[in-house]
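For reference, the structure discussed in these notes is given below.
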Amino acid sequence: MGIGRSLLLAAAKSDTLNRIATRSAVVRRATRAFMPGETMEDGLRAGAAVAESGRGILFTRLGEAITTSAEAVAVRAHYEQLFDAIKARGLPAQVSIKPTQLGLDLSEDECAAHCRALADKAEATGSALWLDMEDATYVDRTLELYRLIRARHARAGLALQAYLYRTPKDVEALLPLNPAIRLVKGAYAEPVSVAFPAKRDTDAAYEALSAQMLDAAARRSCTPIFGTHDVPLLQRIIAKARTLGVAPGTYEIHMLYGIREREQLQLRAEGATVATLISYGEAWYRWYMRRLAERPANVGFVVRSIFG
Ligand SMILES: Cc1cc2nc3c(=O)[nH]c(=O)nc-3n(C[C@H](O)[C@H](O)[C@H](O)COP(=O)(O)OP(=O)(O)OC[C@H]3O[C@@H](n4cnc5c(N)ncnc54)[C@H](O)[C@@H]3O)c2cc1C
């Protein structure tokens, strides 16, 4: 892992830096490149523009690791309201949540009840619920939650991370459920005992996993979603899908709001099914530092927007 990336991921965990950054109007302004704002309305407005360009939308409200059950109840109520707003505005949108945001650290049972309720609400409003994958200590519990909601909701999906050594086995174990899997490279600082330390190994693992998922899609036992901005890799995946006879509508490409916008539109114009994940909310600090760590050159962009 590069020094820039390690430092930014370490800074992501600092409560002091979190307090300083979130109070600073200039830093808040700099975040606008990757998030449209802090309120649901900000997210919905950006979503309408994304939909206008022929892309699907995934919404997520920023925030992780809450400390009281009451907070989990409030997060659930927020997402219920979001599903209603998606339906009312006719947006082609789904919602992705972090299990710790719904209290996974506090009570697995309560978290499961919240996730089940949200998956029910998603289905009732014509949408779908996705589970983000957080750090490696949460993988088993997140897989368990996914099995629980997938048993009742065919469109529910789950993110898996290519940097974890275990992921090929996790994909294989999920295939009997005919899962929807969003494959991402992985955003957390993980120990070498569980994840590839070198980016090139993660990239190779991503490509191998994409082939595993496309093979399964050809047998109709997986809906693959490729969550990456790595366009050359995506071009190879699209070519592989074509070879296997997996049609563009049966797999999707998802990218983050504000990143590789031109390429998102280009892929869409070339016939790919593309969706944009829009994050909004007040608790953006940790999430934002992970985005900077993905591309330390972005720090220059922040400095320019602060002083420019
Ligand atoms: C839709 C979606 C959902 C995700 N969900 C999860 C999740 O649930 N759990 C999880 O651990 N991670 C998640 N991630 C983050 C993911 O794990 C990676 O950290 C992130 O996508 C960066 O890796 P990359 O695949 O884009 O490839 P890289 O090889 O890192 O990047 C490919 C290219 O995109 C550019 N790029 C990448 N990131 C940025 C950036 N922040 N700003 C500007 N340019 C950039 C790079 O410069 C490079 O040229 C998600 C990502 C996406 C797109």
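Each label point was placed 7 Å from the Cα along the Cα-to-Cβ direction; for Ala74 and Gln266 their separation is 4.3 nm. Heavy-atom accessible area, probed at 1.4 angstrom with all protein chains present, ranks Ser96, Ser69, Ser14 as Ser69, Ser14, Ser96, highest first.
Per-residue surface analysis assigns Asp215 an accessible area of about 60 Å², computed on protein heavy atoms at 1.4 Å probe radius. Measuring from centroid to centroid over Cα atoms, what is the spacing of segment 150-218 and segment 47-120 in Å? The two parts, judged by their Cα centres, are 22 Å apart. Taking every Cα-Cα distance in segment 1-126 and sorting them into 5 Å bins from zero, the calculated P(r) comes out as 2, 9, 16, 18, 18, 16, 13, 7, 1, 0 percent.
Across the options Pro99, Ala269, Ser14, the greatest Cα extent toward the positive end of the charge dipole of the chain (unit charges at beta carbon of Lys, Arg, Asp, Glu) belongs to Ala269. Roughly what % of Cα-Cα distances in the chain sit above 27 Å, to the whole percent? Percent of Cα pairs beyond 27 Å in the chain: 40.
Using alpha carbons only, what's the Rg to Rh ratio of segment 56-206 with Rh from Kirkwood?
On the way: Rg = 15.4 Å, Rh = 15.9 Å.
Rg/Rh: 0.97.
Accessible surface for Ile237 stands near 10 Å², nearest 10, in the context of the full protein assembly shown (1.4 Å probe).
Calculated mean residue ellipticity at 222 nm for the chain: -16000 deg cm²/dmol, from DSSP H runs with n ≥ 4 weighted as -39500 (n - 2.57), summed, divided by the residue count and rounded to 500. So, with a 1.4 angstrom probe, what is the percent of accessible area on segment 13-57 that is carbon and sulfur? C and S atoms contribute 54 percent here.
The simple spin-label model puts a point 7 Å past each Cα toward its Cβ; for Ala198 and Ala117 those points are separated by 4.8 nm.
The values are calculated or read from the model by the stated rules, or taken from the named source; none is laboratory data. Being a predicted model, the structure only gives us computed values, none of them experimental. Note that each Cβ is placed from the backbone with ideal geometry, even for glycine, and that neighbours are counted across all protein chains shown. Accessible surface areas use protein heavy atoms only, side chains included; no ligands, DNA or RNA. Shrake-Rupley method; radii C 1.70, N 1.55, O 1.52, S 1.80 Å.
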